[in-house]
1. Just to be sure before I move on: is residue A:135 surrounded by fewer than 16 Cβ atoms within 10 Å (Cβ to Cβ), at pLDDT 50 or above and either in a helix (DSSP H, G or I) or touching a helix residue (DSSP H, G or I) at 6+ places or on another chain (Cβ under 7 Å) (or both) in the structure I sent?
2. Based on this model, can you work out whether residue B:69 counts as touching a strand residue (DSSP E or B) at 6+ places or on another chain (Cβ under 8 Å), in a helix (DSSP H, G or I) and either away from every other protein chain (no Cβ under 11 Å) or modelled with pLDDT under 95 (or both)?
3. Go through the range B:293-323 and count every residue that is surrounded by fewer than 16 Cβ atoms within 10 Å (Cβ to Cβ) and in a helix (DSSP H, G or I).
4. Take residue B:447 and tell me if it is modelled with pLDDT of 90 or more and within 14 Å of chain A (Cβ to nearest Cβ).
5. Here is a check on your reading of the model: is residue B:188 part of a helix (DSSP H, G or I) and over 21 Å from residue B:517 (Cα atoms)?
6. Sort through B:380, B:420 and tell me the only one that's at pLDDT below 95, surrounded by fewer than 24 Cβ atoms within 10 Å (Cβ to Cβ), in contact with a helix residue (DSSP H, G or I) (Cβ under 9 Å, 6 or more places away or on another chain) and within 14 Å of chain A (Cβ to nearest Cβ).
7. Return only the number of the condition from (1) surrounded by 19 or more Cβ atoms within 10 Å (Cβ to Cβ); (2) at pLDDT below 85 that residue B:491 does not satisfy.
């Protein structure tokens with residue numbers, strides 16, 4: 001452990017420590033905050049701290065995406081939901097909904113931690129053929145990603161636009177309000193299916 | 001080095017894009033924008049027939065482009081384009097043609113349904129076209145990430161279409177169920193892609209295949225886990241047992257023409273990518289995954305057929321029958337031979353028309369409100385509408401695999417491919433399941449021709465003055481089933497393809513035989 005710290009420069013270490021404190025503090029705030037809005041804002045702090053750690057690791061693109069997508073879009077969505085559901089409503093968040101939930105969570109968390117530690121010590125996960133590349137040679141990783149998007153993955157990148165069209169059309173379909181119920185709602189409701197006796201229809205509409 | 005020099009696109013090789021190779025997909029996606037544009041520009045809501053006509057025209061244009069591409073591929077050989085992310089080979093173009101045909105028939109059938117239910121149409125067709133382009137891209141995708149995106153482009157419109165009749169709670173339930181489980185399976189699929197990428201260092205299918213052909217991976221746990229997750233993801237999409245749980249509920253709840261479209265399109269797109277990824281990319285590991293596919297196929301065949309026996313609801317019955325059909329297509333995959341791939345491709349072609357037609361009939365019998373799907377609704381159908389009963393009988397018998405239909409050749413070729421690959425046990429399982437399946441198909445046929453009335457009181461209903469433009473409540477007698485002209489046309493096409501290529505099979509068989517992979 002001491003050797004590891006020795007290889008890290010002082011500014012890096014300082015940045016890491018500050019970001020780590022914010023990160024853990026934010027995470028605790030999410031779990032322990034009584035007010036849902038405060039919890040969501042703590043989540044913002046956590047995600048921002050993660051972004052800082054990404055920058056420190058020279059993963060600038062990831063950091064930008066982290067802020068834009070998670071901090072920008074997702075937490076704002078959380079806040080919207082909290083506001084829409086009613087901020088005044090006191091959720092009994094500190095009372096277990098399910099019995100023993102807390103202990104299961106602790107156990108699972110410990111399991112994940114053990115797994116991470118196990119994976120961190122060995123290199124037995126894959127066979128040969130390491131797929132990691134230099135992050136910043138010959139280009140910065142942002143430039144490399146840009147190149148990949150406009151060369152190797154050009155078509156997949158373009159096809160995501162079809163998904164956006166789907167999203168728009170789907171939103172229109174699902175959000176449309178129907179004024180009139182089914183014409184035969186009232187006649188067929190509760191009618192045992194297959195009783196071929198009475199079928200009424202409004203004809204001539 | 002200044003940051004600007006690093007950012008300059010020196011030596012950046014923008015890949016060559018062969019637009020004619022992408023023309024069918026581009027026509028569909030462009031058509032979607034035209035449809036939406038027209039719908040937004042017109043001040044009043046256009047009748048659904050206008051959109052249906054436009055959709056048919058768009059899909060027909062895609063069909064023409066696909067056939068031109070087919071000719072090019074047959075004359076000048078297969079090729080890849082856009083940085084090897086798209087395959088333009090016989091196999092891909094075969095599915096481009098199939099998807100175009102599915103879109104045409106589905107648009108024709110869908111318009112009748114939408115008019116009857118009084119649902120505004122534009123989005124229905126837009127979603128269908130996007131979904132179709134997704135299926136096309138799945139068939140021609142040569143990259144795992146691309147396959148994933150194409151899968152989403154294929155699936156997400158289908159989730160929405162399943163919930164298109166928002167006034168019916170079962171439709172909404174189907175949409176939610178399909179969406180949640182579909183998203184879950186997509187996540188599994190992506191995880192599989194990540195593991196395969198981690199193990200092989202590429203997402204490009206030929207590169208993965210070449211890597212596996214030239215390297216022995218000593219510890220291949222990650223690769224096998226990735227392949228397993230890919231199998232799970234694909235199996236979910238094509239509804240193979242035990243990943244079929246969503247199928248009956250979604251097939252039952254979705255608007256009936258959507259069910260037919262979904263069954264035809266999702267199976268075609270899903271299996272196209274399934275076949276390409278496994279037969280063309282992972283043939284070197286067949287010893288590892290072939291037994292899994294064997295088990296999946298056997299479970300799917302038997303499970304689908306047996307559970308279908310117990311169904312009282314025709315849509316659920318057809319859902320389980322579609323699971324049974326998926327088992328047959330899996331047999332072709334399990335063979336891991338060119339013959340097997342051709343047999344699976346043929347099966348998907350035959351199945352698409354049978355299932356589109358079958359669900360069109362179910363939609364007609366379901367009547368306004370799309371609710372009457374109990375088996376009893378089919379009792380005496382032959383007396384009420386002999387033509388409709390005949391059509392449904394032909395389609396059901398074709399699904400059962402009766403000679404002189406495409407269904408017979410479909411089953412024959414997959415079983416022949418299975419025997420050719422020495423999977424005799426699986427061939428026996430397949431034939432046994434086909435024998436079981438005959439029972440539930442014939443039960444519906446016999447019910448339709450049964451002369452015993454379900455309820456004698458029905459006959460007393462007097463026919464009212466239908467139509468006339470007056471909004472009066474008219475009691476429609478049981479004797480009348482409205483088959484709209486568009487649905488009749490769609491049924492004529494489905495039955496025509498099923499019977500004509502059943503009697504005169506050579507053209508379709510030749511077409512299928514030429515549908516081969518570029519790298520194989």
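1. Here the answer is yes, as residue A:135 does meet what is asked.
2. yes
3. Total satisfying the criteria: 3.
4. On the way: modelled with pLDDT of 90 or more: yes; within 14 Å of chain A (Cβ to nearest Cβ): yes.
Considered against the rule, which asks whether it is modelled with pLDDT of 90 or more and within 14 Å of chain A (Cβ to nearest Cβ), residue B:447 comes out as yes.
5. In short, yes.
6. Values: B:420 fails: within 14 Å of chain A (Cβ to nearest Cβ).
Step by step, each of B:380, B:420 is checked, and only B:380 is at pLDDT below 95, surrounded by fewer than 24 Cβ atoms within 10 Å (Cβ to Cβ), in contact with a helix residue (DSSP H, G or I) (Cβ under 9 Å, 6 or more places away or on another chain) and within 14 Å of chain A (Cβ to nearest Cβ).
7. Every condition holds for residue B:491 apart from (2).
This table checks each residue for (1) farther than 26 Å from residue B:98 by Cβ; (2) at pLDDT 95 or above.
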{"site": "B:129", "(1), (2)": "no, yes"}
{"site": "B:134", "(1), (2)": "no, yes"}
{"site": "B:160", "(1), (2)": "no, no"}
{"site": "B:197", "(1), (2)": "yes, no"}
{"site": "B:207", "(1), (2)": "yes, no"}
{"site": "B:211", "(1), (2)": "yes, no"}
{"site": "B:218", "(1), (2)": "yes, no"}
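The values are calculated or read from the model by the stated rules, or taken from the named source; none is laboratory data. A quick note: this is a predicted structure, and the numbers were derived from the prediction, not measured. Cβ coordinates were reconstructed from backbone atoms using ideal geometry, including for glycine residues, and neighbour counts include every protein chain displayed.
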